[in-house]
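The structure appears right after this line, and notes come after that.
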Ligand code: SAH
């Protein structure tokens, strides 16, 4: 629905308080409405039951609440839930709820499509259509928190920015969303339970370090050899490993927090001892842990999961060098909800 009215959630609390004062009301009314918008995640002005009818009408006349809508929800046989989320302009993004015995993790999107061009990722084929606003990111988290309570009787415990998009190419909005998620006026979650994953944008990694962010950093590395990485992640030409390394050293010096590397091993691409040695060397630059991710096929077989033997070789070399390594099995594959499969298919 096209409208000229302003999205009320683009206002800060201060701006909302000022607005009420200009309307001849009390600034305090701004606090009340702010609480409805964020903590209580109201979808309409009608929901704001402790606000007078006249005030609700006045808000209706001036603003809209561009709340996301969960268009379709799919449940995987392994418990994973995927939401296709409709934005106010009709575009769709996807977010995923991943339950384990002890945790519920929300995997959220930061862009419609993606700015980058990783050749093995379904989202990259969509191209970037636009950045998500802070409230659109926040709403995805709230929707998954509600589903977690409904299906698993517990609130959301962790958030990963590993859905569609490159979070560091929409940095300001991602930061604003995380501020709301961690604020007592929002969801009050600890930043320690949030991980932002990047394909590796050195300038922005340094900026995050300068901004003293309190969440965790994951880097989708996939190769520590420039020629190989550029073949599978062409933007590596612009942001080569030397710059990435330098930015990660900067991050660690400032934050003293370990980095996670995401790594897929493909047949004939990065499965030789030379690839392994380069990765082990890269892992020694700053304290880190490694997540080996299972490849989720997205196409005609150009990329194929490496053999178990190749994986074992990676694990053995990493462990020999005392680098912590986890192998992540895919979740939600049957509903195209696994890493790299988010492409608005439905
Ligand atoms: N752009 C950010 C956030 C997306 S996270 C980033 O790249 O980190 C999505 C994760 O899934 C990344 O680690 C990405 O490299 C990985 N991935 C992409 N396509 C995949 C596929 N087909 N199978 C397995 N992992 C994939």
Margin query: As a test, work out the antiparallel percent of DSSP beta bridges whose residues both lie in the chain, rounded to the nearest 5.
Written below: 40
Margin query: Could you identify which residue out of 124, 278, 209 has the top mean-square fluctuation in a GNM of the chain using Cα springs shorter than 10 Å?
Written below: 278
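Given 10 °C and 1.306 mPa s, compute D for the chain with the Stokes-Einstein relation, Rh being the Kirkwood radius over Cα pairs; round to the nearest whole µm²/s. Provide the component values of the computation, followed by the final result.
Numbers: Rh = 21.3 Å.
My calculation gives 74 µm²/s for D.
Restricting to Cα atoms and excluding each atom paired with itself, what does the Kirkwood estimate give for the stretch 6-64 in Å? Working shown, then result.
Details: mean 1/r = 0.0894 Å⁻¹.
Kirkwood hydrodynamic radius for the stretch 6-64: 11.2 Å.
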Notebook entry, point to check: With labels modelled as points extended 7 Å from the Cα through the Cβ direction, what inter-label distance (nm, one decimal) is found for residue 294 paired with residue 21?
Noted result: 5.8
Margin query: Give the separation of the Cα centroids, the stretch 281-346 to the stretch 220-245, in Å.
Written below: 17
Next item on the list: Rounded, prolate or oblate: pick one for the stretch 95-188, where a ≥ b ≥ c are the square roots of the eigenvalues of its C-alpha gyration tensor, a/c under 1.5 means rounded, and failing that, prolate if a/b is larger than b/c, else oblate.
Entry: oblate
Margin query: Going by average Cβ density within 10 Å per residue, which order do the peptides 184-192, 279-287 take, highest to lowest?
Written below: 279-287, 184-192
Next item on the list: Return one number: the angle in degrees, 0 to 90 and rounded to the nearest 10, between the long axis of the Cα atoms of helix 308-320 and the longest principal axis of the Cα atoms of the chain.
Entry: 90
Checklist line | Helix axis angle, 13-22 relative to the chain longest principal axis, alpha carbon, degrees | finding: 20
Item checked: Nearest 10 degrees, 0 to 90: helix 53-62 Cα axis against the chain principal axis -> 60
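Which order do 179, 145, 4 fall in if you start with the one that has the fewest other Cβ atoms within 10 Å? Write out the running numbers ahead of the final one.
Details: 179 14, 145 22, 4 5.
Final ranking by Cβ density, sparse to dense: 4, 179, 145.
Counting only helical runs of four or more DSSP H residues, what would the 222 nm mean residue ellipticity of the chain come to if each run contributes -39,500 (n - 2.57) and the total is spread over all its residues?
Values: 10 runs with 117 residues, N = 346.
About -10500 deg cm²/dmol.
From the C-alpha coordinates alone, can you work out the Kirkwood hydrodynamic radius of the stretch 167-276, in Å? Present the calculation step by step, with values, prior to reporting the outcome.
Numbers: mean 1/r = 0.0668 Å⁻¹.
Across the stretch 167-276, the inverse of the average 1/r is 15.0 Å.
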Margin query: For a test of the definition: using alpha carbon positions, the gyration tensor, and the 1.5 limit on a/c, classify the stretch 46-162 as rounded, prolate or oblate.
Written below: oblate
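Each reported figure results from applying straightforward, stated rules to the coordinates on display, with no laboratory input. Fair warning: this is a prediction, and the values are worked out from it, not measured in the lab. Reconstructed Cβ throughout: ideal geometry from the backbone, glycine too, with neighbour counts over all protein chains shown.
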